[in-house]
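Values quoted throughout were computed directly from the atomic coordinates according to the rules given, and no laboratory measurement underlies them. Just so it is clear, the structure is predicted and the values come from calculations on it, not from any experiment. Neighbour counts are summed over all protein chains in view; Cβ atoms, including those assigned to glycine, are modelled from backbone coordinates with ideal geometry.
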Ligand code: SF4
């Protein structure tokens, strides 16, 4: 475990988050790509996922099927609900008295979210070209393709969350904890894509893709600057760094 922390701790932890908090709950700050994660040995979410997979297997359900995912999600929700009910009882509150959600966010009204979807289209176009370079499973083009494909799906949802959290935080005059963590995960995802694309630029195998690769890197770098400016350049993050 020490090695994991020593090698990767600082690069995975948002600089404004205390080490102890990160260590306890690394799943709050990650991209949830557990197969690629070096923190599995300290992560409660990972351990629970493994348990859920075992449980599915014992019931004859494919642990990698959507059926298993739904079963596991149901178990987690039941567990969370049990904890919430207990907390309510402790605080002598009635869950039926809670106010309705006041804000319903329409994703179409966020230009930055729309921009993130356009960027994903660019990634898609790149992936279409990359297919011709994939030889066998696990080769560099295959690895790059999987990585881009994973983050392509993650980024718009995180952008949406960062925007909606920021609106809520500003409305309630709260610290931008949630929006800055979402932005951190977006930046980490963009960094990984940029790094992998830059690495492939050096590989003569991808010579015919050079222009397209450089263009995509520029797009991702520009988008990173926008995310950083909008969500991470604030007193909350900078004071704690
Ligand atoms: S093991 Fe999975 S959930 Fe846990 S920190 Fe790593 S990626 Fe996140």
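Taking every alpha-carbon pair in the chain and binning the separations at 5 Å intervals from zero gives 1, 5, 10, 13, 15, 17, 16, 12, 6, 3, 1, 1, 0, 0 percent. Extension gain, residue 153 to residue 57, is 31.8 nm, computed as 0.36 nm per intervening residue step minus the present C-alpha separation. Within the listed set 230, 215, 90, the residue fluctuating most in the Gaussian network model of the chain (springs between alpha-carbon atoms under 10 angstrom) is 90.
R0 = 41 Å: FRET efficiency of residue 91 with residue 33, Cβ-based, nearest 0.05? So, using R0 = 41 Å, E works out to roughly 0.70.
Packing, as the average of other Cβ atoms within 10 Å across residues, places the peptides 183-189, 28-34 in the order 183-189, 28-34, highest first. Between residue 236 and residue 118, the modelled labels are 2.8 nm apart [label points 7 Å from Cα along Cα→Cβ]. Legend: ranking of residues 175, 62 from fewest to most surrounding C-beta atoms inside 10 Å; resulting order 62, 175. Fewest-first ordering of 198, 72, 11 by other beta carbons within 10 Å of each residue's beta carbon gives 11, 198, 72.
Need one number: convex hull volume per residue for region 113-240, Cα atoms only, in Å³.
Enclosed volume per residue, from the Cα hull, is 96 Å³.
Considering helices alone, the calculated mean residue ellipticity of the chain at 222 nm is -22500 deg cm²/dmol, with DSSP H runs of length four and up weighted by -39500 (n - 2.57) and normalised per residue.
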